[in-house]
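Notes for the one structure printed next.
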Amino acid sequence: MPPTTLPAADPFDYDAALMACARGDRSALQRLYQREGRYLMGVALRIVRQRQQAEDVLHDAFISIWQRADTFNPARGEGRGWIYSVVRNAALNMVRSGARQVHVSEDAAEAIDDQAALAAYASSADPFELRADLGKLEGCLGGLEPARRDCILYAYVEGCSHGEIAERLQTPLGTVKSWIQRGMRALRECMA
């Protein structure tokens, strides 16, 4: 499995870019797309599971970002998180509309939110603080039972659905869901 690389921290101001979009600045939307397009494509692809549909989702999401940028409120959250939720919701809407018969559980949606939050955190965190947190995460993962740890890594690193994990581990689906839920709870406690 290739190592996961996170985007380097830099001073890009997502809130300002969204406010510029609200004022009609097309270059701000272009900068957002250049900055986040490939990561947002990954979010869409994990949900709809087909590249063409993920491209459609991304296109529709950026139209929505452009049209609704004036509804973004920095007091309610960060701009980058808002952009990720627009893409996630567009992807879920495509799945719900029957474009593809895939059922996205609340657990899967929560996992996608966690991945978006990690990506947003990684881009804004101090590199030394991030390394310390990743070291702590590695220690916390090492403290989990191997089956729970494997389930979490399959879900969050490889992007597998619960069903795919159950197949890989030859374990009942309910057991896999339970292991992920309990494992994530243990990780949150360990990281706190």
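Figures for the structure shown
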item	result
Length gained when the stretch Ala16-Gln170 is fully extended (0.36 nm per residue, less Cα-Cα span)	50.6 nm
Amide H contacts of Gly159 (H built 1.01 Å from N, under 5 Å, at least 5 apart or other chain)	none
³J(HN,Hα), Karplus 6.51/-1.76/1.60, whole Hz, each residue of the stretch 166-179, x for Gly, Pro	4, 5, 4, 8, 6, 10, x, 4, x, 5, 4, 4, 5, 4
Cα-projected label distance for Arg185 with Glu158, points at 7 Å along beta-carbon direction, nm	2.5 nm
In sequence order, calculated HN-Hα J values of the stretch 25-40 (Karplus, 6.51, -1.76, 1.60; Hz; x Gly/Pro)	7, 5, 5, 5, 5, 4, 5, 4, 5, 4, 6, 10, x, 5, 6, 5
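Here, each number is a calculation from the coordinates, and none is a lab measurement. All figures in this text were calculated on a predicted structure; none of them were measured in a lab. As a convention, Cβ positions derive from the backbone with ideal geometry for all residues, glycine included, and neighbour counts pool all protein chains shown.
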